[in-house]
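The values are calculated or read from the model by the stated rules, or taken from the named source; none is laboratory data. Owing to the predicted nature of the structure, the values given are computational and were not obtained by experimental measurement. Please note: Cβ atoms are built from the backbone with ideal geometry, for glycine as well, and neighbour counts cover all protein chains shown. The area values use the complete protein model at the heavy-atom level, side chains included, leaving out ligands, DNA and RNA. Shrake-Rupley method; radii C 1.70, N 1.55, O 1.52, S 1.80 Å.
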Amino acid sequence: MAVRIKAGMEKVPGGLMLVPLLVGAVIHTAAPDAGKFFGSFTGALFTGLAPILGVFYVCLGATLDLKATPYIAKKGGALLGSKIAFAAIVGIVLGRLLGEAPISGGLLAGLSVLAVVAALNDTNGGLYMSLMGQFGRNRDVGAYSVMSLESGPFLTMVTLGIAGLSAFPWQALVGAILPLALGMALGNLDPAMRRFLAPAVPALVPFLGLTLGLTINLTAVWQAGLLGIGLGLFVVLIGGAVLLLADKLTGGDGIAGLAAATTAGNAAVVPTIVAQANPVYAPAAQSATVLIAASVVVTAILCPIITVLWARVVLKQPAGGSREANAAFAADLHPHLDHVPADTGETAPEA
């Protein structure tokens, strides 16, 4: 008797990505050394987020038309600019109130400008691309090639007023763009390659969710307490509202904006790097790291739910996607996760 695993996962908003993510987080929290214990291919799966994301990016790039490049720059620039501006405004306001040191007592003990700015300044790229691959437009996924400028401590240092202490990591930027560029080249040079690679995108989404979850320790939320949860809620709700508005003002439907309202896992290392560059932030670094780790967990859980619920309204689809996309978006939507060729016997649509 068949077990309807896929159908059950799809009952959860963004379930084909969120359910594996939660499974991975539980495994990592309960047995953080499981990957090392098993080793081999199982161990590689525990640490394979980067290569899986690289393959995902190549396959996704193959679905993108070079004619859409100006749109990618516009969308990515709008989202990146909005995040930078919002983080700068928040940083300036909190900086005047708090200074560099963290709050020393009370319910907000440990909160600092460094923690808030770092949590706002770095988007979870894998989560964004997974969500946009499922519910957004192909070109919106490519916008992360522009948004990847925010990765690392550079923008946080600029926002905190210490620009110049860190060189811009151009290698990381080029490295983030190359897989997408390779996929775009393959898909645009040979339509057969586009048809070949496109169906792999939805199939990779659960693996992205699982490997992302295997980097998350759920105890971070407990250690940070309500303050860490509050920071995550601020990033998702307030930051998401700003990004949704920016997306809509630039002709989008808001889905990409909400999908970008997260904190990346590598943001947790930013406080330490900033403190090394400027010792005045050293007292805030340790508490900021814990708060950011909590924000990573909270945003990874809530962002998919909020994004999918908004997508249901905008695209008029059920939570797991529908088999018939809204006619207005049909030519621009990525193949839905419940509409792969194995389900219906159809050939994958060319993006």
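Quick one: check the C-alpha center-to-center distance for segment 177-222 versus segment 113-136, whole angstrom.
Cα centroid of segment 177-222 versus Cα centroid of segment 113-136: 15 Å apart.
What do you get for trypsin sites (Lys or Arg not before Pro) in segment 27-95 restricted to DSSP loop and a cutoff of at most 16 other Cβ within 10 Å of the site's Cβ?
Values: sites: Lys36, Lys67, Lys74, Lys75, Lys83; in loops: none.
Those that pass, being in a loop and sparsely packed, number zero.
Gain in length, Ile5 to Leu107, computed as 0.36 nm per residue apart minus the alpha-carbon separation, to one decimal in nm?
Extending this stretch completely gives an extra 32.5 nm.
For Thr47 and Gln286 in the same chain, what is the full-extension length gain: residue separation times 0.36 nm, less their Cα-Cα distance, in nm?
Values: separation 239, 0.36 × 239 = 86.04 nm, distance 2.47 nm.
Difference between extended and current length: 83.6 nm.
Using a 1.4 Å probe over the heavy atoms of the protein chains, calculate the carbon and sulfur portion of the accessible area of segment 25-123 as a whole percent. Spell out each step's value before the answer.
On the way: 3480 of 4750 Å².
After summing per-atom areas, the C and S share lands at 73 percent.
Ordered by packing density, taken as the mean number of other Cβ atoms within 10 Å over each peptide's residues, highest first, how do 88-96, 253-261, 296-304 rank? Write down the numbers at each step before the final one.
Values: 88-96: 15.6, 253-261: 27.8, 296-304: 25.6.
Highest mean packing first, the order is 253-261, 296-304, 88-96.
Can you list the lysines whose alpha carbon is less than 20 Å from that of Lys75, not counting same-chain residues fewer than 8 positions off?
Lys67, Lys83, Lys248
Quick check: Cα centre of segment 1-79 to Cα centre of segment 254-274, how many Å?
If we compute the Cα centre of each part, the gap is 16 Å.
Rolling a 1.4 angstrom probe over the protein heavy atoms, how many square angstrom per residue are accessible across segment 183-227?
Working: 2140 Å² over 45 residues.
Ligands and nucleic acids excluded, the figure is 48 Å² per residue.
How about segment 245-316: which trypsin sites (Lys or Arg not before Pro) there lie in a loop by DSSP and see at most 16 other Cβ atoms within 10 Å?
Working: sites: Lys248, Arg312, Lys316; in loops: Lys316.
Here the trypsin sites (Lys or Arg not before Pro) that fit, given the DSSP loop and packing criteria, are Lys316.
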